[in-house]
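The values are calculated or read from the model by the stated rules, or taken from the named source; none is laboratory data. Just so it is clear, the structure is predicted and the values come from calculations on it, not from any experiment. Methodologically, a virtual Cβ is constructed for each residue, glycine included, from the backbone with ideal geometry; neighbour enumeration extends over all protein chains shown. Side chains included, ligands, DNA and RNA excluded: accessible areas come from the protein's heavy atoms. Shrake-Rupley method; radii C 1.70, N 1.55, O 1.52, S 1.80 Å.
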Amino acid sequence: MTTMEHPPKRSAPELLTVGEVADRLRVSEGTVYSLLRSGALPAVKIGSQWRVSADRLSLYLTSQTAEAKG
C-alpha cells in the first residue's frame, strides 16, 4: 500500500467584516466604507459583502502611524 503525499495546508487569512473593522478602529462603519471606496484600505468584496484581511488592516495602521510621524 502506498501513501499519498498531501501538500501542507495553508491557513486562510482572517477576514474581518466592516463592523469588526469599525470596532477595532473605533470609527463608524461609514468611515470604513469611505476607506474601502477610496482604496486606502485594501479589501475584497465577496458577493455584496466587504471583507478586510486582518494582516492588511495591521499594515494600514502601520502606514498611517508612519505618515503621522513623518
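Here are the numbers:
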read-out	value
Where Tyr60 falls short, out of the listed (1) surrounded by 13 or more Cβ atoms within 10 Å (Cβ to Cβ); (2) closer than 14 Å to Glu14 by Cα; (3) of a type in the set (Ser, Thr, Tyr)	(2)
Residue selected from the stretch 23-47 under the condition out of contact with any helix residue (DSSP H, G or I) (no Cβ under 9 Å at 6 or more places or on another chain) and open to solvent by less than 90 Å² (accessible area, probe 1.4 Å), by the criterion nearest to Ala12 (Cα to Cα)	Val44
